[in-house]
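The values are calculated or read from the model by the stated rules, or taken from the named source; none is laboratory data. Bear in mind the structure is a predicted one, so any value in this text is a computation, not a measurement. Here Cβ is always computed from backbone atoms with ideal geometry, including for glycine, and neighbour counts include all displayed protein chains.
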Amino acid sequence: MKGTAIALEDELGDVLEKAMQQAGITLEALAQRSGVASGKILDAIDYRPDLSSDELRRMAGVLQLNEVGLCALGTGNYPLPSIGALPFCVWPLAMPHGIGVANAFLVGECGSSRAILFDTGAGIEALDAVWPAEIRQLDAVFLTHVEAEHAGGLCEVVARYGVKQAYFPAGTSARCGQPIGEGATLRFERLEVTAYATPGHAAAHNSYLVRAPRAVTGTGLLVSGDLVFAGSAGGAHFSPCQLQTNIRRMLSAVPPATVIAPGHGPLTTVENELRYNPFAA
Ligand SMILES: [Fe+2]
């Protein structure tokens, strides 16, 4: 694994805002049902949290969130796991986006100059700034969803590396690629990539599980896009219900040791998010 530590994508206030939106609950209704003063909830949303663990627990109950994870976010101590050995190399490409980062990921055999790219950042300049010099060939490109900060560099990457296989989620369209849907599995020598349709953040959104099926040890990598982050989830811009369903589905569909490579924020594991992620309650 090559990369540097980066901060969580979302703080307590972001999670509360997303959770209220997902649950269809107004701030006033949350205050009334949890018995927490609306001013204190507003302060938390404005990144000035002053909530007791009891207040956080009551809000977690109303919003149906994992209370342990929400309390951990409230104290700035959300736990992140150590990332175990993978049977291939992963290069997280963290590109500045707003006050956080948008991630793309290269996956390939360690020591090889070839790799597979997941998401393409906002454009080729952003990718170039974080591109590892040792990767000079791309076997394929997979997009999690067609949004500016994740798909902006697709055509330039395809042209530069002469990529023959470039894929975006079925149900949307993008220049320079073709659709791929639920259950499609592609092999690249020792590596295998399986697509899962995981709408919710967007109407067309894929997650990808990368495995080396013949490897004796090591786990898989779940490229989750804006489905699930360490300590949070993507905004439910398309469907809160489908986002929830797909978070639960993906966290139970793969082994707990699977490493999650999210579209924003740091790497995590399925086990860690099942235990703590507010939205995996
Ligand atoms: Fe995003």
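Taking the criterion of being free of Cβ contacts under 8 Å to residues at least 60 places away in the same chain and within 16 Å of the ligand (Cβ to nearest atom), the residues of the stretch 95-113 that qualify are M95, P96, G98, I99, A104.
Suppose the filter is touching a residue at least 24 places away in the same chain (Cβ under 8 Å), crowded, with 18+ Cβ neighbours inside 10 Å and more than 23 Å from Q22 (Cα to Cα); does L191 pass it? Spelling it out, L191 is indeed touching a residue at least 24 places away in the same chain (Cβ under 8 Å), crowded, with 18+ Cβ neighbours inside 10 Å and more than 23 Å from Q22 (Cα to Cα). Could you grab me the full set of residues in the stretch 177-188 that are crowded, with 17+ Cβ neighbours inside 10 Å and either over 25 Å from P87 (Cβ atoms) or polar (S, T, N, Q) (or both)? Correct list: G177 only. Taking the stated definitions as given, is F229 under 25 Å from E67 (Cα atoms) and hydrophobic (A, V, I, L, M, F, W, C)? Yes; evaluated as a whole, the condition is true for this residue. For the stretch 251-281, the set of residues classified as buried (at least 22 other Cβ atoms within 10 Å of the Cβ) and of a type in the set (A, V, I, L, M, F, W, C) consists of L251, V259, I260, A261, L267, V270, F279, listed by residue number. Of A140, A174, A166, all but one fail to be touching a strand residue (DSSP E or B) at 6+ places or on another chain (Cβ under 6 Å), at pLDDT below 95 and not charged (D, E, K, R); the exception is A174. The set of residues in the stretch 191-220 being within 16 Å of the ligand (Cβ to nearest atom) and of a type in the set (G, A, S) consists of G200, A202, A203, A204, S207. A count restricted to the stretch 136-153 and to residues that are closer than 10 Å to T120 by Cα, of a type in the set (G, A, S) and more than 9 Å from the ligand (Cβ to nearest atom) stands at 3. With respect to L143, is the statement that it is more than 30 Å from E271 (Cβ to Cβ) and surrounded by 22 or more Cβ atoms within 10 Å (Cβ to Cβ) true? For L143, the condition - more than 30 Å from E271 (Cβ to Cβ) and surrounded by 22 or more Cβ atoms within 10 Å (Cβ to Cβ) - is not met. Scanning the stretch 65-94 for residues that are in contact with a Leu (Cβ under 7 Å, 6 or more places away or on another chain) and within 16 Å of the ligand (Cβ to nearest atom) returns P92, L93. Taken together, the residues in the stretch 150-177 that are closer than 16 Å to N103 by Cβ and either free of Cβ contacts under 8 Å to residues at least 60 places away in the same chain or β-branched (V, I, T) (or both) amount to 5.
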